[in-house]
Structures are given as structure tokens and as C-alpha cells.
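Trainee: I have a structure here, written as C-alpha cells, and I will follow up with some questions on it.
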Amino acid sequence: MRLIFVYNANSGKRNAYLDSLHKIMSPSTYTCSLCELTYGFFSEKKEWKLFRKQENIEMDFYHKNEFVKKFKSKWLPKYTFPIILSEKDDRLEVFLSSEKLNELETVEGLVEKIRKGLASR
């Protein structure tokens with residue numbers, strides 16, 4: 001099994017700059033809770049980076065435009081981003097929905113949810 005993390009942001013340096021600016025200027029209207037949980041204004045949060053390196057599970061990360069391009073199919077469900085999906089035997093399933101991600105307030109809370117989800121599978 002692998003986890004697929006999809007940010008509610010598009011790829012590219014310009015978009016990264018605009019997202020960072022948005023987080024600083026108007027954090028209450030920023031629309032990617034996964035970005036907020038795993039990244040500070042300019043770099044990945046230390047706690048998140050440590051979790052990624054220590055966890056014994058394959059993880060892939062995509063911006064929403066990259067994900068849609070790579071997994072494009074007429075059978076692909078319409079997902080709400082951000083989202084964490086699990087992939088096993090070429091099947092995608094929702095691991096943590098956008099709604100659940102939006103409820104989390106800390107990177108520690110995200111790590112705990114992921115670990116509990118992995119333990120139950």
C-alpha cells in the first residue's frame with residue numbers, strides 16, 4: 001500500500017510564491033489545510049519531514065494539477081482537495097478526506113490520524 005497526498009494547490013514556482021504570500025496575508029482564506037499542516041511559510045515543517053523519513057510506508061505527493069494529469073481517467077472519481085488517498089492493487093481509496101483534513105489543527109494531529117489509519121488497515 002502507498003499513500004498519495006494531493007495538495008489543493010497547483011505546481012510551479014509562481015504558484016508556490018503566491019501560496020506563501022496568501023498564507024501570510026490572509027491565512028483564514030487559505031484553502032489547503034494539508035499545505036498548512038505540513039509546510040510553514042517557506043519550507044516543510046521539521047515534525048512532518050521527520051515523520052515522512054521514519055515511517056515505513058511509500059508516500060507520493062502531488063499538487064492537484066499534477067494528480068489530475070497523472071491519474072486522468074473517465075473512471076476517476078471527482079475528489080475534493082486536499083485529500084490523502086491509499087493505493088493498493090491499483091485501486092484508489094480515500095484515506096483522509098478533505099473534510100477530515102480541515103478538522104486537523106496540528107502536524108502532530110495529522111501524524112496521529114495517519115498512524116491510526118494505517119494500523120486499522
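Throughout, read-outs are computed from the coordinates displayed, never taken from laboratory work. A quick note: this is a predicted structure, and the numbers were derived from the prediction, not measured. Neighbour counts are summed over all protein chains in view; Cβ atoms, including those assigned to glycine, are modelled from backbone coordinates with ideal geometry.
Trainee: How about region 44-60: which of its residues are surrounded by 15 or more Cβ atoms within 10 Å (Cβ to Cβ) and among the hydrophobic types (A, V, I, L, M, F, W, C)?
Mentor: Trp48, Phe51
Trainee: Here's something else I'd like to know. Could you please find all residues in region 103-120 being surrounded by 15 or more Cβ atoms within 10 Å (Cβ to Cβ) and under 18 Å from Ile4 (Cβ atoms)?
Mentor: Selection gives Leu104, Leu110, Val111, Lys113, Ile114, Gly117, Leu118.
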